[in-house]
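Take a look at the structure below.
The values are calculated or read from the model by the stated rules, or taken from the named source; none is laboratory data. Because the structure is predicted, anything quoted here is derived from the model rather than measured. Because the Cβ atoms are built from the backbone with ideal geometry, glycine has one as well, and the counts that use them run over all protein chains shown. Note: accessible area is taken over every heavy atom of the protein model, side chains too, but ligands, DNA and RNA are not part of it. Shrake-Rupley method; radii C 1.70, N 1.55, O 1.52, S 1.80 Å.
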Amino acid sequence: MRATIRVYWRLLVAGFRRQSAYLMAAFGGLVANTTFGLLKVAVLFATVRAAGGELEGYDVALMSTYIWVSQGLLGSVNLFGRIDIADRIKDGDVAVDFLRPLDVQAAAITTEVGRSLFNLIPRGIPSVLIGGLVVGMALPDHPTAYLLGAVSIVLGITVSAATVYLMVAAPGFWLVETRGLQILYMVVSGFLAGLFVPIWIFPTWLEVVAQATPFPSMLMYPVDIISGRVDVSGALLLLAVQLAWLAGVGAVGQALTRAGRRHLEVQGG
Amino acid sequence: MADGLTLRARMRPYRAVLASRARSQSSYRASFALDLASSMLVGVIELAEIWVLFHNVVELGGLEFSQILLVFGLADLCFSLADMTFGHCDNLPMYLRAGTLDVFYLRPQPLLLQLVTSDISLRRLARAGVGAVALVAGLALNDIAWSPAHVLLLVLAIVSGYATFAGMFVWAGGVQFFLIEGAETTNAFVYGGRYAATQPASVWNRPLWAVFGFFFPMAFTGFLPALWLLGVEPPYGMPDWVGWCAPLAAVWTWTMALLSWRFGVRHYQGGGG
């Protein structure tokens, strides 16, 4: 058990360190996050004001927190649908991964989470700081929001990695080309995760649709918790929902990996 | 006549390449169908992002939803068409890193033309379709006092908008020669520009107008021409006819684009292969 934990810890650290090599990319991401953030500020603030200063519990200050925290998480939460293991499944390298004394799914997700956690340093924290300094934002009234929020962010990152594994990488055992799935994931996940507009201002039917998917667990719920939009009991409920999605998505991903291993055809030789 | 023949002869390799790309994309039917569907969904969701806001308020930046449909339709149609033809410039960092760009230098065709014709994403037609439908809906739902001038501006706006977005892709491509790993920096303005272009730009503050109104003239691809068609006053005391400057915006973008491309190509020293 201890040895297993150590292996995955090393994978996590390796992912983290690998990402640290791409500082220029992180800077580019920060520029993009900030630019999009300022555009979101313009249009979402105008919406809140047009609604009379308050919209589904959002005032301008809380909307600002939502915008900058979600922009900051964008480098870490996988809403693009790209994961290295998808390429390895496609070109057959995964056959080598199956020979290793490691679970293929868990190893892929752990490495991905490590990379994502690193991105919080050059992209996540600066986005929130820039937003806070340039635009201003609301802070939660109770300090537990930060603690629960941090847990929720890590959970959200993990749910996103596990979902990309399930929806984009694992089908690769059966399909040769998964690029279409990746694009589909990218299109749907951002919208339903609440990246452009909080899902709470969706029409009710669309809000229900969003909540029936794992996507809000990646971004919307962590933002709700750390911005103090929900109180402690609300936060604990959202954390439970995130955990349930992680368990569900992880279990189906594991089943697909096992079935895929029996089905795996390596093309070429 | 002789000139016409040589031009045709000169275009033949490009036509052959493009036709082969089109065939290769549609040959995997299931994958192509999924591509088309995803691509259409991109357009639908982009529209939904705006519709969700108008679900909560009647008017945003002085425009109603039917009016913003016109802005969205113009901008998104132009962006999708530019993305279909010039979006491939986005792959430049990949070629630069892998050193495969050098292959292009071995062929007797200009680099930029080769890059543009090296791929044409047919699937993006589906997305352009969403923009076109929004545009037609916007034109039908609003009371436009049609005159020959209105038709002329509509055509000018579409052509200039397409050219402006295409110029943005080329500008970004030129900058990639310097950035390589930092491709996302230009995404902020190319894709951020698309996002900006479909908004009611009257909600922007002055710094945003400086960046997305004029420097990257996104407001000229949809918002400002739409205002003239609708007979709505532009914000910040701009003159009524500012929407007619869309072609100037296209010329300005292409000036930047070609300069950036030229600097980029001159800076490039090969992949070392």
Q. Taking segment B:209-226 only, how many residues are part of a loop (DSSP other than H, G, I, E, B), within 12 Å of chain A (Cβ to nearest Cβ) and β-branched (Val, Ile, Thr)?
A. 0
Q) From A:Val159, A:Val176, A:Val164, which residue is touching a helix residue (DSSP H, G or I) at 6+ places or on another chain (Cβ under 9 Å) and open to solvent by 10 Å² or more (accessible area, probe 1.4 Å)? A) A:Val176
Q. Which ones in segment A:103-113 are over 17 Å from A:Gly29 (Cβ atoms) and surrounded by 20 or more Cβ atoms within 10 Å (Cβ to Cβ)?
A. A:Val104, A:Gln105, A:Ala108, A:Ile109, A:Thr110, A:Thr111, A:Val113
**Q.** Failed item in (1) away from every other protein chain (no Cβ under 11 Å); (2) of a type outside the set (A, V, I, L, M, F, W, C); (3) part of a helix (DSSP H, G or I); (4) surrounded by fewer than 22 Cβ atoms within 10 Å (Cβ to Cβ), with B:Asp83 passing the rest
**A.** (4)
**Q.** Only one of A:Thr4, A:Thr35 that is away from chain B (no Cβ under 14 Å) and outside any loop (DSSP other than H, G, I, E, B)
**A.** A:Thr4
Q) Of the residues that make up segment A:9-22, is at least one at the interface with chain B (Cβ under 9 Å from one of its Cβ atoms) and modelled with pLDDT under 90? A) yes
Q. In segment A:20-41, how many residues are open to solvent by less than 10 Å² (accessible area, probe 1.4 Å) and more than 17 Å from B:Thr185 (Cα to Cα)?
A. 1
Q: State whether one or more residues within segment A:128-136 are open to solvent by less than 10 Å² (accessible area, probe 1.4 Å), under 30 Å from B:Leu208 (Cα atoms) and not hydroxyl-bearing (Ser, Thr, Tyr).
A: yes
Q. Based on what the data block shows, is B:Thr164 modelled with pLDDT under 90 and under 25 Å from B:Leu125 (Cβ atoms)?
A. no
Q. Which condition number in (1) open to solvent by 20 Å² or more (accessible area, probe 1.4 Å); (2) in a helix (DSSP H, G or I); (3) over 21 Å from A:Ile109 (Cβ atoms) is the one that A:Gly248 fails?
A. (3)
Q: Identify the residue in segment B:13-30 that is of a type in the set (A, V, I, L, M, F, W, C) and over 24 Å from the mean Cα position of the chain (by Cα) and, among all such residues, is modelled with the highest pLDDT.
A: B:Ala16
Q: Within segment B:44-62, track down each residue that is in a loop (DSSP other than H, G, I, E, B) and more than 7 Å from every other protein chain (Cβ to nearest Cβ).
A: B:Val58, B:Gly62
Q | Residue list for segment A:204-220, filter: open to solvent by 10 Å² or more (accessible area, probe 1.4 Å) and over 12 Å from A:Thr163 (Cβ atoms) | A | A:Thr204, A:Trp205, A:Leu206, A:Glu207, A:Val208, A:Val209, A:Gln211, A:Ala212
